[in-house]
1. Determine, from the Cβ-Cβ distance of B:R107 and B:D375 and an R0 of 41 Å, the FRET efficiency 1/(1 + (r/R0)^6), rounded to the nearest 0.05.
2. What residues have an amide H closer than 5 Å to that of A:Y192, excluding those fewer than 5 places away on the same chain, when H is modeled at 1.01 Å from N in the peptide plane?
3. Which pairs, out of A:K37/A:K286; B:K355/B:K425; A:K298/A:K358; B:K119/B:K415, put more than 18 Å between their alpha-carbon atoms?
4. Quick one: if you stick a label point 7 Å off each Cα along the C-beta vector at A:R180 and A:Q58, how many nm between them?
5. Report, in degrees rounded to the nearest 10, the 0 to 90 angle that the Cα long axis of helix A:74-85 makes with the longest principal axis of chain A.
6. Rounded, prolate or oblate, given the Cα gyration tensor of the protein assembly as shown, with a/c below 1.5 counting as rounded?
7. How much FRET efficiency would the formula 1/(1 + (r/R0)^6) give for B:R283 and B:E419, where r is the Cβ-Cβ distance and R0 is 56 Å, rounded to 0.05?
8. Which whole-number value in Å³ per residue fits the convex hull of the alpha carbons of segment B:61-463?
Amino acid sequence: MAVPTYSGSFGPAEAERLLWRAGFGPKQGEIEALAAKGLAGAVSSLTNPPREKLTGPQPRPDGRSLNPAVTSGHNALWWLDRMVRTNQPLVERMTLVWHDWFATRGVGPGKRRMPLEQNYMLRRHALGNFRALALEVTRDPAMLLFLSGVHNRMGKPNENYGRELMELFTLGAGNGYSERDVREQARALTGYTFTRVTSRGHEGFRYDKRRHDPGRKRILGKTGRFDARDAVDLAVRHPAHGPFFVTKLWSAFIPTPPEPGTLGELVSLYRSRRYAVKPVVEAILKHPDLYQGPRMVKPPAVYAAGLIRALGDGITQRSWSGADYGGDSGQRLFDPPNVSGWDESSWLDTGTFQGRWKVARLIASEYSLSPGENRDYPANEDGDTAVNRALAFWGSPTLTRETRRTLIEFADACARDANVEYLRTAYRVSRQNALRMLIATAPESHTS
Amino acid sequence: MALHCRNFSRTQFLREAAAEAGRGLPNVEPGMPMPAGTGLDRRSFVLRSAGLALSVYGGQKLGFDALSAGVAQAQSGGGQRVLVSVFLEGGADSISILAPTGDPRYRRLRPTLALPGSKGSPFREDRRLRWHPVAAKLAALHAEGKLTVMPSIGYEGPDQSHFTSRHFYEVGARQANLPTGWLGRYLDLVGTPDNPLQGLALNRQLAPSLAAGRNPVSAANSVTDYTYTAPFVFDDVERRLHQYLPKVGEAHLGSSDPALREAGSIASDAGALRGQLGRYAARGVRSPVIYPGSKSGAGSVGGGVGAGGDMFPERLAGLAALLDAGVPIRVAALTGPGDHDTHAQQAKSFGSDVKLTADSLFAFQRDLEARGLADRVIVHVWSEFGRRAQENGSKGTDHGAGGIGFLMGTQVRGKMIGEFPGLAKLDPQGNLRSTSDFRALYSSILEQWFETDAGAVIPDASRFGRYALIK
């Protein structure tokens, strides 16, 4: 038995959904181009992208190039820009998946540089091998600092990383390991350290044999003189890992759980390909549930990048410092709330909804129409025309009938309010600004 | 250096389901077949996955007009009793807040972290303990009889995962797959379907303890910044925008797609919330007392004024103002300053975090008193667990069990609940044994403060004892 594959028609609606789920939404013309490839061709084009190329204008906040390793906020802007300009949307999206999976917060001096270096590492492994990725993360400097790996040494074990390696990264809470395993795992992970701290942060990360506990450990039912590589292998080979991995990866693309049969097939696929990520992602992206199931709330970073891509313009706002982007929407890049990553069940509440409003406003404000400079705006523009014009601003995304009807009601109400001659034009200009915001924050804009 | 691993995420539902499936099973050996379902519980997945969080947060079916009317009606109902929940994230070190300097094992277990003998004031209910100097304001409230201390609260079989243990506290049960928070279920019981302000999280995101099954609840990052404005949107057009923003959401309340329904109901709730908070954006909040980080002696807060950028004091000041204005809040939830997951170099962050927490709570209490609200508000302070009795080799502490808890207010009895269990008899993991139970505490709050049937909110409530909490 194989993993089920979607066999319905693959038209613009399906291509549009795939572009959102596996990337950051469509740019002009991408929906049609992807639909023309058919399902298999479309998925393959995402999982086997051309050589990386960033096209379009680079952000130049305050007129200068980004300095993401140093300047506050520039790291988030740097990554958002990649999401906007990349020709490898799935690679970028998987990097975001791993950032959430192995969530790290920068600490101490160098707190921006090391997560940035980690980000490059995650991108290299985006569609690679999970076992290799987990080992890289285990000795990644940003992670070693964040979860106390550099403090974990022979005779003075620190449980911080070993616990999360099993609980959050590979097995799931309480899923087949004990508190004793946590402590023994910590011993296996001893030995990492750094040489010195400078203004650039901690430097000279290395494995020091003298700090490693060479004794025998009993971990997950096996006994041996285990080290960090063994710790990762023991976790990844544990029977609980496959279902944990597949379900967690699946939940990044599809909001309903896999049927038990599908889960089993995906786990078999994952194990038979020796923890390769790409075949599992391909199977998920071709699964009927992605196309036939309900809509999914977009992560805030995807929402933001998608709005900019729709404008077809890159991040050109000179005023953006990056520091003010994203926090209130619930997902500031490089700043997950904690090691378990973001809480997707809370992507939308009244607080983050306002945060998304601010993101949309920031993106749209560059293009706001001032009544003073638009005295020739059509004073008799009707509601339908006004809505179409605002839709075109965002690259004409698909709107539901319900939203469209309500927006026309709004437009008509504004026109009625303009009951004095001198307001007719000014209100229509203002109405256009408001319609852009109402479209960008309508339910279909938050979901795909 | 900080050392964090806290909070919730999408992976939460995985962990919960996994925890549930794995619990009670023998240790799984490599090669041994996993039990059916392997940590996957369809219900947990569905309830916690993004698209279907609506069953938790977006259950309401009412439009903006009905919500506005509902809020107004709740407001006219007069002053309800209020519970404020304050979460200390990461597992606060109870042994440092109330240091057992009189316990002979203390200095051996905490060679670098122990409080020097003469520092801090003695805890008058147990002479083995001293208040850490950074918690002096809590000691002051305790001396006034306005602070009840739980020196070691927890539950049987303590879980040392931040996320699982926090989840237990949030749902009010030792259950991995309970989808609603205990405060949310209380609001389902006594609240209304037309007042999203009845449960208000003043945080970046909604507090899971407020997750209700039926009635709406809401979240706002700041009391003084809940606006929906845009450049060159003005006068009548802005008024219409504020009218139609929730209406666009409302148009989807009948949608067959759960994610559209969820997004729609959130927009509708946001309209009602803006109606209540919008006015504070223009005029800010004037407090009768000075909160930590306030710039002027006048006690005016807003516009991001806060200690070290932490919004906790500002949010408390805003909450007091909302209650004073009669905004119909029954339960509010906030997260305290800082990160208590102090695996290394604990001393670097612990003092400033606890001080800001204690000073802010003190200011809030004085604020309530000055506004004449103190008799109808109590504050519950909690953390997902305490920390290991023995410090680790990194001048920090690993995850523990029994943790600290407080109840603050003029109506609380101010008598210790449980006792400090001592460092001689730690549990097999080397952690403090708990001497009070969070489910018993919740049941007591529900019955004695809210005068509600605890059995309708807390699973198996009758199984737990009760504490005398209220005067």
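1. Working: r = 43 Å, r/R0 = 1.04.
For B:R107 and B:D375, the calculated efficiency is 0.45.
2. Under 5 Å from the amide H of A:Y192: A:D208.
3. Values: A:K37/A:K286 13 Å; B:K355/B:K425 30 Å; A:K298/A:K358 16 Å; B:K119/B:K415 23 Å.
Flagged as over cut-off: B:K355/B:K425; B:K119/B:K415.
4. My value for the distance between the label points is 5.6 nm.
5. So the inclination is approximately 70 degrees.
6. On the way: a/c = 1.66, a/b = 1.16, b/c = 1.43.
Judged from the Cα gyration tensor, the protein assembly as shown comes out oblate (a/c at least 1.5, b/c at or above a/b).
7. On the way: r = 48 Å, r/R0 = 0.85.
It comes out at approximately 0.70.
8. Working: hull volume 58.7 nm³, N = 403.
Hull volume normalised by residue count: 146 Å³.
Any read-out appearing in this document is the output of simple, stated calculations on the displayed coordinates, not a laboratory observation. Please read these numbers as outputs of a predicted model, since none were measured by experiment. So basically every Cβ, Gly included, is an ideal-geometry build from the backbone, and we count neighbours across all protein chains shown.
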